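Student: Below is one structure. I have some questions about it.
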Amino acid sequence: MKVFVINSGSSSLKYQLLDMDTQQVMTTGLVERIGDSMGRISQKNWPDTPQQANIEEERPFADHHEAMHTVVNLVTGPGGVIASAEAIDAVGHRVVQGGETLFTSTCIDDAVVAQIRANCPLSPLHNPANLVGIEVARELFAGVPQVAVFDTEFHQTMPAEAFMYAIPYELYEELRIRRYGFHGTSHRYVAQQAAAMLGKRADEVNLITLHLGNGCSMAAVRQGQCIDTSMGMTPLAGVMMGTRSGDIDPAIIPFLMKEKGLDMAQIDDILNKKSGLKGICGMNDMRDIHAAAAQGDAKAALALSMFVYRIKQYIGAYYAVTGPLDALVFTAGIGENDDVVRGRVCAGLAHLGIEIDPERNGGRKKTATAVQAESSRVAVFVIPTNEELAIAQATQAVLA
Ligand code: ADP
């Protein structure tokens, strides 16, 4: 079975074609800066994929329609990775917000499209872009089953005490204001891998999963089910991120509006794009921050310390609710590649039974690796996430 996975963001489009019989990625690509005066497309084909060379090209893409047409032509057109669009058995779509109506991965029909559209107010940056991807794919792959896989679905098992905010209950009833959580596909994938590494069933393990990329989130997993997560109604909440603030005192918002005469759009821009690591030290790539801190840049050092401190606070909070912890699981760009952050997050947690082995922890991890010390009661795993494979697997499962 060949599954085409589409992950369309507000100005980008990630895609991957997977052969599920061999679990082989046939091609993977990214279109960036859709809608800008100049965009970019890059596509990497696996060596045993026939025909086409890899692609790296600067060119404008007016909108998602144009981007999708280009991509589908590259993948299925003459000289493409596979002979024709008919050779694709299913299309899997990442959809960010399933809200309270879409709990699990589901086959896309008009009713599902309408529900995804109805959830747009809860995710105004992502769901509309996901919908464009779905609409164009339904047109270009007419007759091919399409499946939506939601970022929120792994978190649907959270109890109300974890997902409710302590604001008037009517606001939840009227506007569905509550914690939803995101990165669920990644948290679920690494949780399943962690269970396998522990030699246990997925529903037997207690974990804290740390997805630390540009966006960062953590999840508390009890007996395989998510019981809490750090992102909230939107992906702005929780731990400190590359450019997003994470948790702040909500009273800062009206204070800023009053003192600086800012409107909602400006506040939104500050909290989503000018905060987090970038807000503190001007950089949001952890590699640059380490380099600057090593050169004595005090703000870079502060940003790093704040980033680590907040993660530790969440570990403490989740440790108290998961029950006896089996493993801490690091994933995504920082989690997989940054041994310094992993080491600092775990430092001083021996009293919780968490001890990292500096040698095992050293370096970037391209494959799942256990990095705890022999004496550690809790396992510490670094597990590369694979959201595209997880989406393709979910797509296959829905169609089965
Ligand atoms: P996204 O959330 O955009 O999918 P990724 O999971 O790819 O992001 O993570 C990107 C981030 O990972 C970069 O901004 C950078 O901070 C971090 N990163 C990538 N490689 C390294 C590395 N070798 N060392 C430290 N941090 C890294």
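The values are calculated or read from the model by the stated rules, or taken from the named source; none is laboratory data. Please read these numbers as outputs of a predicted model, since none were measured by experiment. Because the Cβ atoms are built from the backbone with ideal geometry, glycine has one as well, and the counts that use them run over all protein chains shown. Ligands, DNA and RNA are stripped out before the accessible areas are found, and what is left, the full protein with its side chains, is counted by its heavy atoms. Shrake-Rupley method; radii C 1.70, N 1.55, O 1.52, S 1.80 Å.
Student: Please enumerate the residues belonging to the range 92-150 that are on the phi > 0 side of the Ramachandran plot and aromatic (Phe, Trp, Tyr).
Tutor: None - no residue of the range 92-150 is on the phi > 0 side of the Ramachandran plot and aromatic (Phe, Trp, Tyr), so the list stays empty.
Student: With respect to Leu302, determine if the residue is away from the ligand (no atom under 16 Å from the Cβ) and outside any helix (DSSP H, G or I).
Tutor: In short, no.
Student: Of all residues in the range 221-240, how many are within 16 Å of the ligand (Cβ to nearest atom) and closer than 24 Å to Ser376 by Cβ?
Tutor: 2
Student: Could you go through the range 154-175 and let me know if any residue there is open to solvent by 80 Å² or more (accessible area, probe 1.4 Å) and of a type in the set (Ser, Thr, Tyr).
Tutor: Yes, the range 154-175 has at least one match.
Student: Out of the residues in the range 209-220 meeting the condition of being surrounded by 24 or more Cβ atoms within 10 Å (Cβ to Cβ) and touching a residue at least 40 places away in the same chain (Cβ under 8 Å), tell me which one is farthest from the ligand (Cβ to nearest atom).
Tutor: Looking at residues that are surrounded by 24 or more Cβ atoms within 10 Å (Cβ to Cβ) and touching a residue at least 40 places away in the same chain (Cβ under 8 Å), I get Ala220.
Student: Next up: Could you look through the range 246-280, keep only residues that are within 16 Å of the ligand (Cβ to nearest atom) and not in a helix (DSSP H, G or I), and pick out the one that is surrounded by the fewest Cβ atoms within 10 Å (Cβ to Cβ)?
Tutor: Going through the qualifying residues, I end up with Lys274.
Student: Being touching a strand residue (DSSP E or B) at 6+ places or on another chain (Cβ under 9 Å) and surrounded by fewer than 24 Cβ atoms within 10 Å (Cβ to Cβ) is the requirement here; does Ala195 meet it?
Tutor: yes
Student: Name the one entry in Glu66, Glu86 that is modelled with pLDDT of 90 or more and over 20 Å from the mean Cα position of the chain (by Cα).
Tutor: Just one listed residue meets the conditions, Glu66.
Student: Please go through (1) under 23 Å from Met197 (Cα atoms); (2) within 14 Å of the ligand (Cβ to nearest atom); (3) among the β-branched types (Val, Ile, Thr); (4) over 19 Å from the mean Cα position of the chain (by Cα) for Thr322 and return the number of the only condition it doesn't satisfy.
Tutor: Thr322 satisfies every listed condition except (2).
Student: Counting just the residues of the range 281-296 that are surrounded by fewer than 19 Cβ atoms within 10 Å (Cβ to Cβ) and in a helix (DSSP H, G or I), which one comes out nearest to the ligand (Cβ to nearest atom)?
Tutor: Here the residue is Arg287.
Student: Quick one: which helices (runs of 4 or more DSSP H) sit completely within the range 318-400 and have at least 2 residues that are of a type in the set (A, V, I, L, M)?
Tutor: 332-337, 339-346, 387-399
Student: Checking the conditions here, which among Ala300, Ala317 is among the small types (Gly, Ala, Ser), touching a Cys at 6+ places or on another chain (Cβ under 7 Å) and either surrounded by 13 or more Cβ atoms within 10 Å (Cβ to Cβ) or outside the structural domain of Leu210 (by TED's automatic domain parsing) (or both)?
Tutor: Of Ala300, Ala317, the one residue that is among the small types (Gly, Ala, Ser), touching a Cys at 6+ places or on another chain (Cβ under 7 Å) and either surrounded by 13 or more Cβ atoms within 10 Å (Cβ to Cβ) or outside the structural domain of Leu210 (by TED's automatic domain parsing) (or both) is Ala300.
Student: Just to confirm my filter: which strands (runs of 3 or more DSSP E) fall fully inside the range 15-86 and include at least 3 residues that are open to solvent by 70 Å² or more (accessible area, probe 1.4 Å) and farther than 14 Å from Phe4 by Cα?
Tutor: 55-58
Student: Here is a follow-up. Between a residue in the range 271-290 that is at positive phi and any residue that is within 12 Å of the ligand (Cβ to nearest atom) and open to solvent by 40 Å² or more (accessible area, probe 1.4 Å), which pairs come within a Cβ distance under 7 Å, given they are 6 or more apart or on different chains?
Tutor: Gly276/Arg244; Gly276/Asn284
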